[in-house]
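Everything on this sheet refers to the single structure shown next.
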Amino acid sequence: MKSRSLRAGAPVLSPGAAQKPAVPALRRGAATRADTLRVTEIFFSLQGESTRVGLPTVFVRLTGCPLRCGYCDTEYAFYGGEGMSIAAILDEVARYSPRYICVTGGEPLAQKGCLVLLRRLCDAGYSVSLETGGALDVSQVDPRVSKILDIKTPGSGEAGRNRWENLAYVTRSDEIKFVLCDEADYRWAKQVLAERRLHEICPVLFSPVHGRLAPEALAEWILRDRLPVRLQIQLHKILWGNARGR
Ligand code: SF4
């Protein structure tokens, strides 16, 4: 997901992982089972995106993604990671005593165990959000989870992967996000918004690609066109730049 800009090669757990007991890691490749997952990192920070922006949140970043968006800032999550049982993930999350959990990636739904993890997190009483790229089926996601569903624009290079059937499973507690590369992307997103009346389904986020589309320009276009969308600027990049685990 376009959620964090991080440096490569950092450990699975951050920050403060050095002060914590080692997380029980399973053998590599074990995450193909429904009760284990490959995890790139688990960390505690402020939510940088969505209508939950600014809320202290534990992030569980799962490894792997079938897409290759041109602006992706989490390429380090494509490979590697550590196999962890769902029980071990729950134990690690609980150490932070959070209210909010965000399951992200990569593409979290690329691992079948993600659905089980989401359900177990909800069962544990957390307020759970899921960041998904929109190419994979969301119909089986626990209805207690708030889905942040991307619609990929032409500028991403992955617009052909949008799974439009997913819109049938989006509710008021979910959010739809467009990450925009340029004005052509903006015009495309504006058209999709109008044709599918997305703002009548749930909050819609327009987010500029960091360092590529000026937020000021996007703000002017939204105001000019009176669009019923929320401008989203990645808070964590304003606060911490590209620091990993923040
Ligand atoms: S869908 Fe995959 S490739 Fe695209 S921004 Fe998200 S993690 Fe990166």
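Just a few scattered comments:
- Debye, to nearest 20: dipole size of the range 52-166, +1 on Lys, Arg Cβ, -1 on Asp, Glu Cβ: 220
- Residues Glu92, Glu49, Glu165, sorted so that the one with the fewest Cβ neighbours within 10 Å comes first: Glu165, Glu92, Glu49
- Degrees between helix 113-123 axis and first principal axis of the chain (Cα, 0 to 90, nearest 10): 90
- Here the gap between Gln191 and Leu55, fully extended at 0.36 nm per residue and compared with their Cα-Cα distance, gives a gain of 45.8 nm.
- The residue among Ser85, Leu223, Ile148 whose Cα reaches farthest toward the positive pole of the charge dipole of the chain, with charges on the beta-carbon of Lys, Arg, Asp and Glu, is Ser85.
- Rounded to 10°, Cα long-axis angle of helix 215-225 versus longest principal axis of the chain: 50
- Burial ordering of Ser173, Ser50, Ser127, Ser97, fewest other beta-carbon atoms within 10 Å first: Ser97, Ser173, Ser127, Ser50
Throughout, read-outs are computed from the coordinates displayed, never taken from laboratory work. Fair warning: this is a prediction, and the values are worked out from it, not measured in the lab. Cβ: placed from backbone, ideal geometry, glycine included. Neighbour counts: every protein chain shown.
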